[in-house]
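The values are calculated or read from the model by the stated rules, or taken from the named source; none is laboratory data. None of the values given here were measured: they were computed from a predicted structure. Positions of Cβ are generated from backbone atoms using ideal geometry, with glycine treated the same way; all protein chains shown enter the neighbour counts.
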Ligand code: AMP
């Protein structure tokens, strides 16, 4: 885990002053460490009967698709507005200034499916809470776990997902 953590680069004041941006591109570029990261997630879920791994745009897609492949599951995209071509469900959420939204295709999930939701990083939890709220309001699926590579624990994003199992590989 230390090797994985040390391959994540901290970029101060990106994209704006005060943000310590966790840059995962060095980790993704290292074949052995990227595989190890996916294997750690696969190890948690290989006997969980996962049908679909839901990835959140954009870096969540990288982990969700690799994990889905490793588990023999499907993958599904939660995207920013206006990117998905078919009919969508949408959920709007508040940012510090203004609002944002996430969308999912209306036929993305089927009743009874067991799903994972994956993103690269849990910060305030606003994005993932919106994605999960949207899924729970529109689909009768079982969310088995919500997985992150990185959790910024001091932002208490977990508090936005009180009733779900949450797992992060690396905590700051
Ligand atoms: P939030 O909705 O606050 O939990 O933000 C989560 C999303 O924003 C994730 O999809 C991350 O990719 C991105 N994000 C937020 N904070 C950071 C950070 N410090 N470093 C890198 N990505 C971040």
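So that you can scan it fast, the table gives a plain yes or no per residue for (1) surrounded by 13 or more Cβ atoms within 10 Å (Cβ to Cβ); (2) modelled with pLDDT of 95 or more; (3) within 13 Å of the ligand (Cβ to nearest atom); (4) part of a helix (DSSP H, G or I):
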site: 22; (1), (2), (3), (4): yes, yes, yes, no
site: 35; (1), (2), (3), (4): yes, yes, no, yes
site: 41; (1), (2), (3), (4): yes, yes, no, yes
site: 44; (1), (2), (3), (4): yes, yes, no, yes
site: 53; (1), (2), (3), (4): yes, yes, no, no
site: 62; (1), (2), (3), (4): yes, yes, yes, yes
site: 67; (1), (2), (3), (4): yes, yes, no, yes
site: 78; (1), (2), (3), (4): yes, yes, yes, no
site: 84; (1), (2), (3), (4): yes, yes, no, no
Do we find a residue being over 30 Å from residue 6 (Cβ atoms), part of a helix (DSSP H, G or I) and touching a strand residue (DSSP E or B) at 6+ places or on another chain (Cβ under 9 Å) anywhere in segment 137-149?
-> yes
State whether the residues of segment 116-126 include one that is part of a helix (DSSP H, G or I) and within 16 Å of the ligand (Cβ to nearest atom).
-> yes
Count - residues of segment 145-157 that are surrounded by fewer than 18 Cβ atoms within 10 Å (Cβ to Cβ), touching a residue at least 24 places away in the same chain (Cβ under 8 Å) and more than 8 Å from the ligand (Cβ to nearest atom) = 1
